[in-house]
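Heads up: the structure comes next, in structure tokens.
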Amino acid sequence: MPTTSNAGVRRFFDKVADRYDRQIGSCERFLFPGGRRWAVDHARGRVVEIAVGTGLNLPLYPEDVTVVGVELSERMLRLARERVAAEALADRVELFQGDVQELDLPDASADTVVSTFTICTIPDPVAALREAHRVLRPGGRCVLVEHGPSDNALVRAGMRLAEHGTIRFLADHLTRDPVPLLERAGFRITSVSRTKAGVAFHVLAERS
């Protein structure tokens, strides 16, 4: 099944959940070292983490924040719940299954939204980011770690070529630029840094 719909994305991540941590870990060590730590270090207050996956970020959050994690894949969410139990995080982490394009959360109820390696996968990323904007309080922060189109023309061309397969079979849009997507969702960009030939993005954005 193509992975360009919610049903396809859910099916894909249910299938790969048991090996996800190992596979993403190898990729992160090469392309995104320290990315998750950077993201959680910029979280404050009540945090909503979209597409929380297996909960890799959860043990990294500062003790003075509370986290609501939303995940589409039931199998990924089951592993995240196991991580919460193993790390004794239940007093400050709440997890539930849901669609981040339609968050079942009140308006202006969060101080921070965190997204790590998720915008590349969500079928309608602008819808998800508009939901992130909606649930943030005025002045709230969106923290995003993602890959995107390289600023090296040769690398970017290779990414676009590979993307024909990664979108269909891996739920991965290699060349989605998260910055204009955030802007379309209503955010004000406050910081962008890029490494690894411009492929790795660290972005801070604010709800005005």
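If you go through the stretch 21-45 and keep only what is within 22 Å of Ala88 (Cα to Cα) and either in contact with a helix residue (DSSP H, G or I) (Cβ under 7 Å, 6 or more places away or on another chain) or assigned to a strand (DSSP E or B) (or both), you end up with Arg36, Arg37, Val40.
For the stretch 54-73, a residue qualifies if it is open to solvent by 10 Å² or more (accessible area, probe 1.4 Å) and within 22 Å of Thr121 (Cα to Cα), and the qualifying residues are Leu56, Glu71, Leu72.
Going by what's in this entry, would Val48 be described as open to solvent by less than 10 Å² (accessible area, probe 1.4 Å) and either part of a strand (DSSP E or B) or without any contact (Cβ under 8 Å) to a residue 40 or more places away in the chain (or both)? Spelling it out, Val48 is indeed open to solvent by less than 10 Å² (accessible area, probe 1.4 Å) and either part of a strand (DSSP E or B) or without any contact (Cβ under 8 Å) to a residue 40 or more places away in the chain (or both). Quickly run through the stretch 82-109 and pick out the residues that are assigned to a helix (DSSP H, G or I) and surrounded by fewer than 17 Cβ atoms within 10 Å (Cβ to Cβ). If the condition is that a residue be assigned to a helix (DSSP H, G or I) and surrounded by fewer than 17 Cβ atoms within 10 Å (Cβ to Cβ), then Glu82, Ala85, Ala86 are the ones that fit.
Could you go through the stretch 117-131 and let me know if any residue there is open to solvent by 40 Å² or more (accessible area, probe 1.4 Å), touching a residue at least 60 places away in the same chain (Cβ under 8 Å) and at negative phi. For the stretch 117-131, residues open to solvent by 40 Å² or more (accessible area, probe 1.4 Å), touching a residue at least 60 places away in the same chain (Cβ under 8 Å) and at negative phi: present. Report yes if Arg194 is in contact with a Phe, Trp or Tyr (Cβ under 7 Å, 6 or more places away or on another chain), open to solvent by 60 Å² or more (accessible area, probe 1.4 Å) and at pLDDT 95 or above, otherwise no. So Arg194 fits the description; yes. Working only within the stretch 127-182, note down all residues that are within 20 Å of Ala39 (Cβ to Cβ), of a type in the set (Val, Ile, Thr) and part of a helix (DSSP H, G or I). Scanning the stretch 127-182 gives Val135, Val179.
Every residue, every condition in (1) modelled with pLDDT of 95 or more; (2) more than 19 Å from Glu146 (Cα to Cα); (3) among the hydrophobic types (A, V, I, L, M, F, W, C), yes or no:
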residue	(1), (2), (3)
Asp21	yes, no, no
Glu28	no, no, no
Val40	yes, no, yes
Glu49	yes, no, no
Val68	yes, yes, yes
Glu87	yes, yes, no
Ala90	yes, yes, yes
Phe96	yes, yes, yes
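If you go through the stretch 185-208 and keep only what is in a strand (DSSP E or B) and free of Cβ contacts under 8 Å to residues at least 60 places away in the same chain, you end up with Arg188, Ile189, Thr190, Ser191, Val192, Ser193, Arg194, Thr195, Phe201.
Rundown of residues vs (1) in contact with a helix residue (DSSP H, G or I) (Cβ under 9 Å, 6 or more places away or on another chain); (2) under 24 Å from Arg46 (Cα atoms), yes/no style:
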position	(1), (2)
Val143	yes, yes
Leu154	no, no
Leu161	no, no
His164	no, no
Glu183	no, yes
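The values are calculated or read from the model by the stated rules, or taken from the named source; none is laboratory data. Model, not experiment: these values are computed from the prediction. A quick note on method: Cβ atoms are made from the backbone with ideal geometry, for glycine too, and the neighbour counts reach across all protein chains shown. Please note that ligands, DNA and RNA were not included when accessible areas were found on the heavy atoms of the full protein model with its side chains. Shrake-Rupley method; radii C 1.70, N 1.55, O 1.52, S 1.80 Å.
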